[in-house]
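Note sheet for the following structure.
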Amino acid sequence: MIGVFVGALPGAGGSIACILSYDQAKKGSKHPEKFGTGVTDGIIASEAANNGTGGGGLTPTMALGVPGDAVSAIMMGALILHGIQPGPLLIIEFPELVYGVFVAFFVAHFFMLVVQLYGIRLFVRLTRVPLYVLIPSILVLCAVGSFSIHNRFFDIWVLFIFGLLVYLMFKFKFPLAPAILGVILGPLGETNLRRALMTDSDLTIFVTRPISLLFLVLAVVIGWAAWKSAARAGATCPRCNRKSAWRGTCWTRAS
């Protein structure tokens, strides 16, 4: 469900859905300390959300003409090349195309089921690739991908610097999910900020409009709750005199 709803958000994509689903699975697990070690629950949660974004991404693409992710953008470009404009009138002007896409997605699930059942043994062998082969290959692909976006060596230096930064965050036990979300949501935030300022250069519009004000208040409330939770994590329980994630009651009884 997280994958479907996140996929329906324009520009969100599977990366955000994977992180949110993984986080919810970790919070709801009886053994959250095992997450990050390859536990099955985390893998299933993130991959299920990633697959769920495929169908959800079609919603804004078909109904509004706004691509939900990169795959939907390619699909939308192919439709435009054939003279078909996605949007509110698409299902009226080309109903056979829209329902054809729905049927294709439905049939594709059964094909993927057959492929996964018979190919799972081959896919599992990929996890046995030695790290000294896997890591250099990933680094090369990351460098090539960074360079290919703008054809600038500066982007490779950015990749290298932020790679060191994330390594230091990992060593000092800082959470990596917020950094990943920042990388994904940063360009979206900058683009929409420019659009908002193009309509009105007055910065007070973010606190005078009810929708933007609501999201700002939610951000403050969530940030305050996260800060209080982190502050309590190092508190000492007055009953058992142990440092733990104390939430106003004895940690032993709460667990």
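Would you mind finding the one in VAL140, VAL101 that is touching a residue at least 40 places away in the same chain (Cβ under 8 Å) and under 24 Å from SER15 (Cβ atoms)? Even if it seems obvious, please write down each step before you answer.
Numbers: VAL140 fails: touching a residue at least 40 places away in the same chain (Cβ under 8 Å).
Being touching a residue at least 40 places away in the same chain (Cβ under 8 Å) and under 24 Å from SER15 (Cβ atoms) holds for just one of VAL140, VAL101, which is VAL101.
Within region 27-43, does at least one residue satisfy the condition of being surrounded by 15 or more Cβ atoms within 10 Å (Cβ to Cβ), in contact (Cβ under 8 Å) with a residue 24 or more places away in the chain and at negative phi?
Step one: of region 27-43, the residues surrounded by 15 or more Cβ atoms within 10 Å (Cβ to Cβ) are 29, 35, 39, 41-42.
Then drop every residue that is not in contact (Cβ under 8 Å) with a residue 24 or more places away in the chain, which leaves none.
There is no residue in region 27-43 that is surrounded by 15 or more Cβ atoms within 10 Å (Cβ to Cβ), in contact (Cβ under 8 Å) with a residue 24 or more places away in the chain and at negative phi.
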Exercise. Of the conditions (1) modelled with pLDDT of 75 or more; (2) surrounded by 11 or more Cβ atoms within 10 Å (Cβ to Cβ), ALA235 clears all except one; give me its number.
Key: (1)
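Test VAL101 against the criterion of being over 30 Å from LEU159 (Cβ atoms), at pLDDT 85 or above and among the aliphatic types (A, V, I, L, M), and give yes or no.
Working: over 30 Å from LEU159 (Cβ atoms): yes; at pLDDT 85 or above: no; among the aliphatic types (A, V, I, L, M): yes.
When the stated conditions are applied, VAL101 does not pass them.
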Quiz prompt | Residue among GLY55, GLY119 that is among the small types (Gly, Ala, Ser) and in contact (Cβ under 8 Å) with a residue 40 or more places away in the chain | solution = GLY55
Quiz item: Does SER15 count as in a helix (DSSP H, G or I) and without any contact (Cβ under 8 Å) to a residue 60 or more places away in the chain?
Solution: no
Quiz item: Got a sec? Which helices (runs of 4 or more DSSP H) wholly within region 83-159 have at least 3 residues that are exposed (fewer than 10 other Cβ atoms within 10 Å of the Cβ)?
Solution: 95-125, 131-150
Quiz item: With PHE111, PHE106, PHE147, PHE154 as the choices, which residue is among the aromatic types (Phe, Trp, Tyr) and touching an Asp or Glu at 6+ places or on another chain (Cβ under 9 Å)?
Solution: PHE147
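The values are calculated or read from the model by the stated rules, or taken from the named source; none is laboratory data. These figures come from a predicted structure and were not determined experimentally. Cβ atoms come from the backbone with ideal geometry, glycine included; neighbour counts cover every protein chain shown.
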